[in-house]
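For reference, the structure is listed below as structure tokens.
The values are calculated or read from the model by the stated rules, or taken from the named source; none is laboratory data. The structure presented is a predicted model; accordingly, all values stated were derived computationally and were not measured. FYI the Cβ positions are ideal-geometry reconstructions off the backbone, even for glycines, and counts take in every protein chain you see.
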């Protein structure tokens with residue numbers, strides 16, 4: 001049995017565990033201002049929640065209706081154990097299942113290599129968001145042939 005599970009959810013059902021992970025990583029660890037962390041996109045997005053065997057939340061990501069991945073976070077104790085890769089793979093599968101031909105994200109510079117390993121390509125110049133250097137990244141999905 002895997003040490004963790006990933007499941008699709010929404011804000012209405014899992015706001016508390018999703019918020020707990022994001023607060024721990026973005027607000028407490030990285031110093032993102034709380035006012036920038038929470039937005040109206042949470043209610044409109046598909047969320048991915050990673051949970052440990054005991055059911056505790058350990059990671060999350062969200063897929064916006066326009067094909068952007070965001071708010072991807074893994075608790076420090078779980079980093080390096082494949083949780084981030086599993087969340088990203090689940091987000092890619094969900095995007096394809098929802099008919100997206102591409103995915104975009106705003107990667108923290110230190111994580112750009114992680115996304116590049118999954119096939120994302122940096123676009124444009126680096127920029128600062130919430131006081132943290134970022135780069136826009138994108139992945140295109142092969143179009144399925146008809147017939």
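Could you grab me the full set of residues in segment 131-140 that are out of contact with any helix residue (DSSP H, G or I) (no Cβ under 6 Å at 6 or more places or on another chain) and surrounded by 11 or more Cβ atoms within 10 Å (Cβ to Cβ)?
Within segment 131-140, 132, 134, 136, 138, 139, 140 qualify.
Tell me whether segment 110-130 contains one or more residues that are surrounded by 16 or more Cβ atoms within 10 Å (Cβ to Cβ) and in a strand (DSSP E or B).
no
It is to be established whether one or more residues within segment 124-131 are within 16 Å of the chain's Cα centre (by Cα) and at pLDDT 95 or above.
No; the residues of segment 124-131 include none that is within 16 Å of the chain's Cα centre (by Cα) and at pLDDT 95 or above.
Can you confirm whether segment 84-93 contains a residue that is touching a strand residue (DSSP E or B) at 6+ places or on another chain (Cβ under 6 Å) and farther than 22 Å from residue 12 by Cα?
yes
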